[in-house]
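The values are calculated or read from the model by the stated rules, or taken from the named source; none is laboratory data. In this text the structure is predicted, and so the values were computed from the model without any measurement. All Cβ positions, even for glycine, are placed from backbone atoms using ideal geometry, and neighbour counts span all protein chains on display. Heavy atoms of the whole protein, side chains included, go into the accessibility calculation; ligands, DNA and RNA do not. Shrake-Rupley method; radii C 1.70, N 1.55, O 1.52, S 1.80 Å.
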Amino acid sequence: MKDVREEYHAEGLTEASLHDDPLEQARRWVDEAIEAGLPLPNAMTLATVSEDGQPSSRVVLLKGVEGNGFTFFTHYDSRKGSEIAVNPKVSFTMFWQPFDRQMIVIGEAHKVDPEESDSYFASRPHASQISAAISPQSQPVSREWLEEEVERLEKEFPLAPVPRPEQWGGYRIIPTEIQFWHGRPSRLHDRYRYRKQANGDWTIERLAP
Ligand SMILES: Cc1cc2nc3c(=O)[nH]c(=O)nc-3n(C[C@H](O)[C@H](O)[C@H](O)COP(=O)(O)O)c2cc1C
């Protein structure tokens, strides 16, 4: 791994090329990754912290950049959900390798309204609804048990939509800090950090690479 060296050739990032609103800028970067057909353009590595200060991370999928935050869906009683329940402070990173772009978001995760979770759950494919409904996410299980549970639910709801389990739903991450990183040659990368002020305005500054 020490011998793996990537040279970055991307054009620079300037304050003038960035949107004043970092959420709008984030939406642009995600949209550009989607439009370019990059694999998993909405994959984000989400870090949470336990009550005793132990961080943990995992990949989830970003499902929306709404006016005030970033939305993803999961099981509320998973490890991440239990950690968010005691400490809503989270961070996530997205990396779009062909664009030499990284985005880092720091903020707080809050559950979305149940109606919003209902509506997204209802839009998922039937098989995904079943898998979500039977999974006690993050608990030890056997493959056999999982398959039996899927079979049981498939009989109960052969075609009908599966009701959203109460413990499954969305979170919206309300950012306090968003950083945009762009790889440049010779490790002289461009980094811009937005930070939210008490009055709601965002400040922007360049950071050393
Ligand atoms: C590409 C990819 C996308 C994923 N998307 C989600 C997702 O949107 N929601 C989710 O709960 N888990 C998703 N997972 C699974 C999580 O990484 C993780 O295994 C799961 O959420 C349990 O995490 P936890 O035990 O740390 O809470 C995804 C995994 C990968 C590799």
Measure off 7 Å from each Cα along the Cα-to-Cβ vector at Glu6 and Asp31, then give the distance between these two points in nanometres to one decimal. 2.5
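Take peptides 40-52, 197-209 and line them up by average Cβ neighbours within 10 Å, highest first, as a rough protection proxy.
Numbers: 40-52: 16.0, 197-209: 9.8.
My ranking of the peptides, most packed first, is 40-52, 197-209.
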Label Ser57 and Ser119 with points 7 Å out from Cα along Cα→Cβ: what is the distance between them in nm? 3.2
So for the chain, if I pair up every lysine 8 or more residues apart or on another chain, how many of those pairs have alpha-carbons under 14 Å apart? 4
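Taking R0 as 25 Å, what's the FRET efficiency between Val141 and Thr45 from their Cβ-Cβ distance, rounded to 0.05?
Details: r = 24 Å, r/R0 = 0.96.
Calculated transfer efficiency: 0.55.
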Phi-derived 3J(HN,Hα) across region 132-140 with the Karplus relation (6.51, -1.76, 1.60, θ = phi - 60°), rounded Hz, x for Gly and Pro, is 5, 5, 8, 7, x, 3, 6, 9, x
So what are the radius of gyration and Dmax for the Cα set of region 5-102, in Å? 15.4, 43
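Hey, what did the chain get for relative contact order, percent, Cα under 8 Å, at least 6 apart?
Values: 351 pairs, mean separation 49.9, N = 209.
Value for the chain: 24 percent.
Relative to the Cα centre, what is the charge dipole magnitude of the chain, using +1 at the beta carbon of each Lys and Arg, -1 at the beta carbon of each Asp and Glu, and rounding to the nearest 20 debye? Write out the running numbers ahead of the final one.
Values: 24 positive and 34 negative charges, 113 e Å.
Result for the chain is approximately 540 debye, rounded to the nearest 20.
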Applying 1/(1 + (r/R0)^6) with R0 = 41 Å to the Cβ-Cβ distance of Arg187 and Val86, what FRET efficiency is obtained, to the nearest 0.05? 0.60
Carbon + sulfur, % of accessible area of region 90-161 - ligands and nucleic acids excluded, 1.4 Å: 54
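Per residue, what accessible area does the chain have, given a 1.4 Å probe and all protein chains present, in Å²? Mind dumping the intermediate values first?
Values: 12030 Å² over 209 residues.
Each residue of the chain exposes 58 Å² on average to a 1.4 Å probe.
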Along the Cα→Cβ direction, 7 angstrom out, place labels at Asp20 and Thr93. What is the inter-label distance in nm? 3.2
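For the chain, what does -39500 (n - 2.57) per DSSP helix run (n ≥ 4), summed and divided by total residues, give at 222 nm, in deg cm²/dmol to the nearest 500?
Details: 5 runs with 55 residues, N = 209.
Using -39500 (n - 2.57) per qualifying helix, the result is -8000 deg cm²/dmol.
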